[in-house]
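Undergrad: Okay, here's the structure, questions in a sec.
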């Protein structure tokens, strides 16, 4: 079940995780190559699994709400969630304060969970899809691939403008929100 919308959603959701993975990769600059490869794989896997689980959970919640008596209001709320996520990404891209932390296993799992909360909110919009778990698997694989790529890139570059990546994610969420409103135009423009 390949869909351009799911790929765009996966890319937008993967940006937060990719930026965090990039930052963690910068701290692994002085490790031995095998250790870097192992840690990069495990970090990317953690982010991919959490994106999959949270998106699937959100899709199930969306399924329960979609077939209730709320009708079009539900889709309207999903579009507002996308706009809120876009605003959050723009706000994060404007925050230029830098922090240095040591990341062990537990903080990485907490970060994977925290960056996947927006996947749960986005997954609500997939509640009407039959077999939404395929879309969740696709988003999880996209997140794993993007995080792996960013971890690899972090080993060669010391600094990349992550604020532009967050702004790119915001544009994708704006696009998805506008697309939902475009699908609901018959509700707003009767006649």
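Undergrad: For the range 105-131, how many residues meet the condition of being more than 16 Å from the chain's Cα centre (by Cα) and either surrounded by 15 or more Cβ atoms within 10 Å (Cβ to Cβ) or under 21 Å from residue 8 (Cβ atoms) (or both)?
TA: Summing the residues that are more than 16 Å from the chain's Cα centre (by Cα) and either surrounded by 15 or more Cβ atoms within 10 Å (Cβ to Cβ) or under 21 Å from residue 8 (Cβ atoms) (or both) in the range 105-131 gives 5.
Undergrad: I've got another one for you. Any residue at all in the range 93-104 that is assigned to a helix (DSSP H, G or I), surrounded by 13 or more Cβ atoms within 10 Å (Cβ to Cβ) and at pLDDT below 75?
TA: As a first pass, look at the range 93-104 and keep what is assigned to a helix (DSSP H, G or I): 93-94.
Those still in the list that are surrounded by 13 or more Cβ atoms within 10 Å (Cβ to Cβ) too: 93.
Subset that is at pLDDT below 75: 93.
There is at least one residue in the range 93-104 that is assigned to a helix (DSSP H, G or I), surrounded by 13 or more Cβ atoms within 10 Å (Cβ to Cβ) and at pLDDT below 75.
Undergrad: Moving to a separate point now. Within the range 30-41, take every residue that is in a helix (DSSP H, G or I) and exposed (fewer than 12 other Cβ atoms within 10 Å of the Cβ) and give me the one that is modelled with the lowest pLDDT.
TA: Ranking the candidates gives 33 first.
Undergrad: Against the definition (farther than 30 Å from residue 178 by Cα, crowded, with 21+ Cβ neighbours inside 10 Å and modelled with pLDDT under 85), how does residue 62 come out, yes or no? Before you say what the answer is, go through the steps one by one.
TA: On the way: farther than 30 Å from residue 178 by Cα: no; crowded, with 21+ Cβ neighbours inside 10 Å: yes; modelled with pLDDT under 85: yes.
Judged against the criteria, residue 62 is not a match.
Undergrad: Continuing with this model, one more query. Restricting attention to the range 15-38, which residues are over 28 Å from residue 170 (Cα atoms) and in contact (Cβ under 8 Å) with a residue 12 or more places away in the chain?
TA: The answer is 28, 29, 36.
Undergrad: While we're on this one: Among the residues of the range 138-158, how many are part of a helix (DSSP H, G or I) and surrounded by fewer than 17 Cβ atoms within 10 Å (Cβ to Cβ)?
TA: The number of residues fulfilling the criteria is 5.
The values are calculated or read from the model by the stated rules, or taken from the named source; none is laboratory data. The shown structure was predicted, so the numbers you read here are calculated from the model rather than taken from an experiment. Every residue, glycine among them, receives a Cβ derived from its backbone with ideal geometry; neighbour counts consider all protein chains shown.
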